[in-house]
Amino acid sequence: MDDIEINLMENTIYEVIITSFNKQVNFKPFGIKFNNKKVILNLYPNRTLKNIKTNPEFLIQFTTNPLIYTKALLNKLTPSDYNKEYFLLDSNIVIKANVYSICEYVHEDNYGKVTLTQITANIEEIHEINNQPPVINRATNKIIDLLVDYTRIPYMNSTQKNDYINKLQNLSSFIKKSGNNQHIQSLKLLKKEIIEE
């Protein structure tokens, strides 16, 4: 374990990539919180949840690369994106975590009711991969917002899907203006995925 600490504000949602393991490794973006030196992750029924229920050890990877988030969400990451330990090469910090408790509850929002599972995990190890300054990029924030909405497409009706497509189109010029090639590649992947839906 690297001799480092991370000082993050409690009860604040941070966007990360969760890497879970079962028969196959799975990388997916999620929001997490820290509380009392534990990690809190709320999951819809999905592959990450199945993996964590089977194998309680998982990775929390911090990156500022919008293309990595997009590729992870769309299952487009390749072995060239990570090392043999499944640490993403663009990660700044990687936390090894282990499940402490699992609790299910019903969540209701604009898309209906769904069972969510709250995973609380202990931090086992912290590794610093890249010593990069923390940055806030407006285009990255917009990409993350689009990705969060994209995860809800299975629950959307046709009007909500059209609203999402309009939002994607409306944000495209802003993202291209304030972003870089990673942001543009993220947009292309999202648009291609929407067309193929």
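Some notes on this structure:
- Highest average packing first - 44-52, 56-64, Cβ atoms within 10 Å: 56-64, 44-52
- Percentage of interatomic Cα-Cα distances in region 93-169 larger than 20 Å: 60 percent
- The modelled label-to-label distance between ASN180 and ASP145, using points 7 Å beyond Cα along the C-beta direction, is 2.2 nm.
- Quarter of Cα convex hull surface for region 24-76, i.e. mean projection, nm²: 4.2 nm²
- Solvent exposure of region 111-182 amounts to 60 Å² per residue of accessible area, where only protein heavy atoms count and the probe is 1.4 Å.
- With N counted as the residues of region 1-152, its alpha-carbon radius of gyration over 2.2 N^0.38 Å works out to 1.00.
- For GLU104 and ILE13, the FRET efficiency from 1/(1 + (r/R0)^6), where r spans their Cβ atoms and R0 equals 25 Å, is about 0.80.
- FRET efficiency estimate (nearest 0.05) - Cβ-Cβ, SER80 to GLU128, R0 22 angstrom: 0.55
- Entries of LYS113/LYS167; LYS76/LYS191; LYS23/LYS84 with Cα pairs more than 20 Å apart: LYS113/LYS167
- A simple rule links phi to the HN-Hα coupling: the Karplus curve 6.51 cos²θ - 1.76 cosθ + 1.60 with θ = phi - 60°, which for region 125-131 gives 8, 10, 10, 8, 9, 10, 8 Hz, with x for Gly and Pro.
The values are calculated or read from the model by the stated rules, or taken from the named source; none is laboratory data. What you see is a predicted model, and the numbers here were worked out from it, not measured in a lab. A quick note on method: Cβ atoms are made from the backbone with ideal geometry, for glycine too, and the neighbour counts reach across all protein chains shown. Quick note on the areas: whole protein, heavy atoms, side chains included, nothing else; ligands and nucleic acids left out. Shrake-Rupley method; radii C 1.70, N 1.55, O 1.52, S 1.80 Å.
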